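Beneath this line is the structure, given in structure tokens, with notes to follow.
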Amino acid sequence: MEDMTTCQRPVGRKITPQRAEFRRWAKSAEIGMVTRAQLAVLAQNLTCTGLINGTESHLLLILINTAPADTFDTSGRPIVFKSNRQLAFEVGRSAGRVSRMLSKLFDLGLITMQDSGNYKRYPVRNSDGVITDGCGVDLRILVLRYGELTRLVKDIRAEKRATEAALRRYRGALRNIRCALAAVADVSATMRQRIADRVERISNYIGIAAKASNRMLRRATVLLEWSMDRLMRLDPRPQDQLGAGKTTCVPVENDMQKQTTPPYQSKRSSNVREGSAHVGQYSFPKASAASSSAFEETATLWRGSVSEREPQRQALIALKDVLRAAPALAELGCTPKSFQEFVRLTPMLCRFVGISEDARRGAVEAMGEQQAAVAVAVILEKANRQEVSSPGGYLRAMAERAAAGRLYLTRSVFGLAARRDLEQSTRMAGQT
């Protein structure tokens, strides 16, 4: 005769290390610090954190309201002894669904559970009728974690409010710049199309604005507002007139970089003027990628000797010469009136051209804010001409040469200006 073995039913819920840890925490809770009303409010607010859904929040609220109010006082023990069938009736779900929801609340550390051998829930009382132990749903861990969960709810709500504010600001900035593009009449069609393309790229990158993060919305809003500011301040004159006037690097009151220089300043300035007078004699190489030796390839050497270790900060560059050498600035709507404004716009230019903030700070430390701004303008122009494949690496190499005293930024500026003059004269000769 065959031996008949009965399959014993597993006793209680599966115990994991995390659940055992939650049980240990529950025993160390100090009862009396939190009321039942406070826990009820917390259970309703936990849905905003995404930890639990509305049905699970309803079940947790029923458990909290089932425990008597005095069990949350000092020396109390808030344990619920309702069966899954009764809880299912009150929640409006099946008993199996309630069992699964209780397991999820257990895994999240919102409740702990102690099951008996026959799956019944009952209290164990002493001779005075006070509950000393029991098998049921224990809410002490929720009391223990009340402060932590309350801070989480506050943080989530603050982040949601910030995201909603960023969403409203982004939508307003996008609507404003699109209306401005349709209404502004003193901007060329090419410039309007470029700004419109930039706006569409930003809009496509964000996608569904309601699903974008707070950080993405704020960054997109900054770019849109910057584009709006540039659109409203665009110079209606043709770009060919932006560099009209004197091209020599002579001191100018507002658009000249002013710095304290040694006594041989006058000789240096005379070399600059002499070099700018012969700017049409520069030669230009083929386009190449960024390298540490490519900075002097845009122009031939000036007349006169320059010391190999002469500091770059001694070079004087007029802002109008920078704008004349880098027409890409005007194409972006960047026409600063002073070097101070130019320096403020440099971080935004770096984002457009693809230069990291770390590379920009390194350039500022090596050559100063104004020279770093000029270097970014040079890189922007060369990137627009597809002569630079890595703008960030190009700027880092320029910073290294500036730190070694071997960067001659003025040559690059006047070389680019001469190239533009040559291209304009060639076009005019071809038209005639």
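Only the coordinates and a few stated rules stand behind these numbers; no lab work does. Keep in mind that this is a model prediction, so the values were computed, not measured. Here Cβ is always computed from backbone atoms with ideal geometry, including for glycine, and neighbour counts include all displayed protein chains.
Just to be sure I understand the curve: with the Debye formula and one point per C-alpha of the stretch 20-59, what is log10 I(q)/I(0) at q = 0.17, 0.26 Å⁻¹?
Results for the stretch 20-59 at q = 0.17, 0.26 Å⁻¹ read -0.61, -0.91.
Report P(r) for the stretch 64-206: all Cα-Cα distances, bin width 5 Å, range 0 to the bin holding the largest distance, values in whole percent.
It works out to 2, 8, 11, 13, 10, 8, 6, 5, 5, 5, 6, 6, 5, 4, 3, 2, 1, 0, 0, in whole percents.
Quick one: which of 382-388, 423-429 comes out on top by average Cβ neighbours within 10 Å, and what's the full order, highest first?
Peptide ranking by packing, descending: 382-388, 423-429.
Decide, for the stretch 158-232, between rounded, prolate and oblate: order the square roots of the alpha carbon gyration tensor eigenvalues as a ≥ b ≥ c, take rounded if a/c falls under 1.5, and otherwise choose prolate if a/b is larger than b/c, else oblate.
Numbers: a/c = 2.86, a/b = 2.21, b/c = 1.30.
Because a/c hits 1.5 or more and a/b exceeds b/c, the stretch 158-232 counts as prolate.
What ranking, highest mean first, results for peptides 162-168, 339-345 when packing means the other Cβ atoms within 10 Å averaged over each residue?
339-345, 162-168
List the pairs from Lys14/Lys211; Lys82/Lys104; Lys120/Lys154; Lys320/Lys382; Lys14/Lys120; Lys82/Lys154 whose alpha-carbon separation is above 27 Å, in the order I gave them.
The answer is Lys14/Lys211; Lys120/Lys154; Lys82/Lys154.
Ignoring solvent entirely, what values of log10 I(q)/I(0) come out of the Debye formula for the stretch 317-428 at 0.10, 0.11, 0.18 Å⁻¹ when each Cα is a single scatterer?
Evaluating at q = 0.10, 0.11, 0.18 Å⁻¹ gives log10 I(q)/I(0) of -0.25, -0.31, -0.85.
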